[in-house]
Structures are given as C-alpha cells and as structure tokens.
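Nothing in this text is a laboratory measurement; each read-out follows from the coordinates by a stated rule. Note that this is a predicted model, so its numbers are computed, not measured. Every residue, glycine among them, receives a Cβ derived from its backbone with ideal geometry; neighbour counts consider all protein chains shown.
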Amino acid sequence: MIDCKEYKSATFVFMNRVYFDNAATTPIDKNVLDEMLPFLTEHFGNPSSIHHFGRKPKAAVEKARKQIANFLNASAGEIFFTSGGTESNNMVLRCAVRDLGVQRIITSPIEHDCVLNASKQLQKEGIELDLLNVDSKGNLNLQQLETLLENNSKKTLVSLMHANNEIGTITDIHTISQLCIKHKAFFHTDTVQSLAYFPFDVQQIKVDFLSGSAHKLHGPKGVGFVYINNETPISPLLFGGSQERNMRAGTENVACIVGFGKAIELAQSSMRETETHIRNLKSRMVSKLVQLIPDIQFNGDIDNGFYKILSVSLPPNPKSEMMLMNIDIAGIAASAGSACSSGTEKGSHVLEAINAPIDRKVIRFSFSKYNSIEEVDYVVNKLEELVGIQASNTTSKQDSLSQ
C-alpha cells in the first residue's frame with residue numbers, strides 16, 4: 001500500500017484537489033501501474049499468438065485469471081475477462097435468457113443502470129420483470145423475494161448487487177443465495193463496488209454469476225470479469241475469435257488484465273488495514289458533520305452500510321443546486337450520486353426509490369486508502385462554510401423582500 005501522506009502530497013500538486021469520488025473510480029496504484037507497463041512496451045505480443053512474443057502475454061493473462069479466482073475461491077476456468085462491469089452484467093442477463101431458458105428476472109429499483117436498463121429491455125422482448133420493494137435505507141424486502149420465488153412456475157434469474165453504488169447499502173447475498181438454491185432460481189450478483197473490500201467465497205455463498213471491475217479497486221479502467229459457475233454454463237455474448245476459451249471474442253486487453261490481477265492481489269493482502277483506515281475517515285466525517293451542520297442527514301444504512309460510501313443529505317435551501325459546483329470550485333471532487341448520471345438533469349433513481357426528500361441536496365462522498373484525516377477535516381469545514389453562506393444569503397433575501 002502506498003503511504004497516505006506520500007499520496008496526499010502528490011494530489012496537492014494535482015490542482016490542489018481532494019478526491020472523494022472513489023465510488024466513481026479510484027486512482028491507480030503505482031504498484032499496479034508498474035506491473036502493467038512492460039505489457040505496453042516490450043511484451044506487446046498478441047496472447048493468441050503461439051510464437052515467443054505471444055507466450056509472455058498469454059502467461060500473464062492466465063496469472064491474472066488465477067489471482068482473481070484465488071480471491072473468490074473459484075476455479076480459474078470460471079473467470080472470463082470483459083471490458084468492465086457493464087459488459088459483464090449485460091452478458092449474464094442476456095445469455096441467461098437465451099441459453100438457460102430464463103423467463104423471469106427479479107431485481108430491484110436501486111440496481112446500477114446497466115442491470116436495470118438491460119432488464120427493462122429484456123422485458124420489452126417478452127421477459128417478465130419484478131422489482132423488489134426497498135425501505136427508506138435501501139434494504140431489500142427479502143420476504144417479498146421469497147414469496148415471488150415460492151409462487152413461481154417460470155425459470156427465474158435473481159440479479160441483485162452486493163453494495164449499492166450511491167447510498168452504500170449492503171445486500172445480504174448469503175440469504176439470497178439460500179433462497180435461490182431452495183427455489184431453484186439462478187442468482188447473479190453485481191460486486192463491482194464491493195469486490196476486494198469484502199471477502200468473497202463462492203464455495204460458501206453459491207452464486208451462478210458474479211461481476212467485477214478493476215477501476216473501483218485501484219486498477220485500470222476498461223477491464224472487468226464475469227464469474228460463471230461451471231454448473232450454469234452459458235454461450236458467448238460476443239462472437240468472433242476463440243479468446244477466453246471461446247467465451248468472449250476479441251483480443252485481450254493484456255496490460256489492463258495484468259493490472260486487474262495485481263490490484264486484487266494487493267487489495268486482498270491489505271483488506272483489513274484498508275477497511276480500518278477508511279472506516280476511521282467515514283466515522284470522523286459523520287461525527288464532524290453532525291456537530292457542525294444542523295439538520296444534516298444521511299442516506300442508506302449509516303451503521304451497517306459499505307464503509308467506503310457516505311451519502312450526505314443537506315438541509316433544504318433554494319441555492320442547494322449550486323452546492324456541487326461550489327465544492328468543486330473549493331477543490332473537492334465528489335458526486336451527486338452515480339457517476340454514470342453526471343452531466344444530466346435526470347434525478348437519481350436510487351434516491352427516488354428510497355423516497356429521499358426532493359428538497360434536500362444529496363452529495364456522495366466516497367473514500368479510498370489514499371485519503372487522509374486532514375482531507376476529511378478540510379471537506380467538512382468547507383461544507384459547513386458553504387451551507388452557512390447559502391443559509392445567510394437566503395435569510396438576507398427574505399429579509400429584503402419583507403421590508
């Protein structure tokens with residue numbers, strides 16, 4: 001792990017910004033980059049080539065496959081590399097319908113857009129779609145899931161993420177796995193956010209499919225994987241060459257695959273240390289915000305949610321829509337919700353599903369092993385200042401109008 005102080009000094013050279021948007025993407029670990037670089041220079045061969053230049057990249061891809069399989073306690077033959085979580089999730093949903101005879105998908109209204117939109121498209125094509133109810137913290141109604149599975153005569157795929165990318169609520173995938181086994185349903189879980197921050201053992205928690213992506217755990221963008229249980233084989237989504245043991249056509253992104261393997265190896269070796277560090281950051285931010293900003297609220301399960309994500313709900317204010325721009329001007333990188341919705345006027349489907357008040361501005365802060373207590377304090381103090389300025393401006397305007 002890179003020393004936090006070392007990284008912090010580097011970030012301030014980088015436009016004096018504090019980066020608290022690690023749920024969108026994480027900075028690449030220097031050790032990961034060092035592992036990747038030779039495969040962008042001297043080891044440039046195509047891994048499908050049988051000559052000398054292809055053998056080194058081929059071996060590196062297989063090493064990364066084993067690193068990911070080792071983390072999941074899976075067989076290397078169950079790991080297939082993709083371009084990222086979106087491709088992995090689409091592959092599972094579409095191929096389960098096509099190859100496994102799935103006629104019904106059960107998911108939730110707070111899934112990532114790539115699962116929700118793919119499911120809705122399949123619904124247009126004739127697949128039955130059920131969305132589970134969620135409470136105000138984003139917890140799924142598992143009793144409803146059991147009822148749906150009990151009263152089911154159709155082949156069903158349950159697709160539910162482990163950690164919500166906007167509010168951090170954790171889903172009990174162990175219980176869901178047991179329900180799916182009991183009622184003979186297929187189970188897919190999107191672990192793009194939580195992979196490498198929690199231990200996963202597919203021998204202990206049976207899943208048919210599991211998706212992951214490198215750039216959420218200090219690896220490179222543009223590479224992901226899908227775990228496909230040997231007991232539930234599917235055919236390719238993309239057709240072409242015989243790469244990935246005939247499961248995913250196209251020349252492998254060797255350098256990024258190598259980086260993914262290294263990133264998950266590093267995360268596995270320092271998981272407890274990373275969790276302790278990030279929990280301390282989140283706990284300090286929560287306690288200081290509660291002290292300094294009246295009527296501050298938080299979305300999701302603040303006590304049992306994903307320690308990396310903090311969804312902050314600010315007091316109502318007519319000028320609150322400017323808050324995200326103002327904190328950016330102050331040198332703070334955060335998000336209004338999911339990064340995939342940035343730059344649009346569309347509201348968050350997750351906040352809508354949990355009935356979050358529409359008059360409160362929500363900002364998602366998300367942390368990494370590289371963040372520091374000093375950065376937390378700076379962000380909290382700046383947020384208090386901006387909230388105070390907004391409140392003061394609003395009061396002055398109201399006083400002026402009343403005169």
Charge tally in the Cβ shell below 14 Å around residue 122, where Lys, Arg are +1 and Asp, Glu are -1, residue 122 excluded: +2
Residue-averaged [θ]222 nm for the chain, counting only DSSP H segments that reach four residues, each worth -39500 (n - 2.57): -13500 deg cm²/dmol
Cα-Cα over 25 Å, subset of 221/382; 120/308; 120/155: 221/382; 120/308
Neighbour count of at most 11 Cβ within 10 Å plus DSSP loop: longest GluC sites (Glu not before Pro)-free window in the chain: 232-344
When each of 56/206; 56/216; 63/182 is checked by Cα-Cα distance, pairs over 29 Å: 56/206; 63/182
Coil-residue trypsin sites (Lys or Arg not before Pro) of segment 205-245, DSSP, other Cβ within 10 Å capped at 11: none
Between 0 and 90°, nearest 10: helix 373-402 axis offset from the chain longest Cα axis: 50
Estimated dipole of the chain in Debye, rounded to 20 [Cβ of Lys and Arg +1, of Asp and Glu -1, Cα centre]: 700
Cβ-based exposure ranking for 247, 36, 271, in which fewest neighbours within 10 Å come first: 271, 247, 36
0 to 90° range, to nearest 10: angle between helix 271-292 axis and the chain longest Cα axis: 20
Gain in span if fully extended, residue 153 to residue 290, counting 0.36 nm per residue against the direct Cα distance: 44.4 nm
Degrees, to the nearest 10: 254-269 long Cα axis against longest axis of the chain: 70
Relative contact order [Cα under 8 Å, 6+ residues apart], the chain, whole percent: 23
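Can you pull out the trypsin sites (Lys or Arg not before Pro) in segment 84-163 that DSSP calls coil and that have at most 14 other Cβ atoms within 10 Å?
On the way: sites: 94, 98, 104, 120, 124, 137, 154, 155; in loops: 137, 154, 155.
When the trypsin sites (Lys or Arg not before Pro) of segment 84-163 are filtered for loop state and at most 14 Cβ neighbours within 10 Å, 154 remain.
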Packing-based exposure ordering (other Cβ within 10 Å, fewest first) of 135, 301: 135, 301
Gain in span if fully extended, residue 117 to residue 42, counting 0.36 nm per residue against the direct Cα distance: 22.9 nm
Potential lengthening between residue 98 and residue 133 on full extension [0.36 nm per residue; Cα-Cα distance subtracted]: 9.9 nm
FRET efficiency estimate (nearest 0.05) - Cβ-Cβ, residue 319 to residue 17, R0 22 angstrom: 0.45
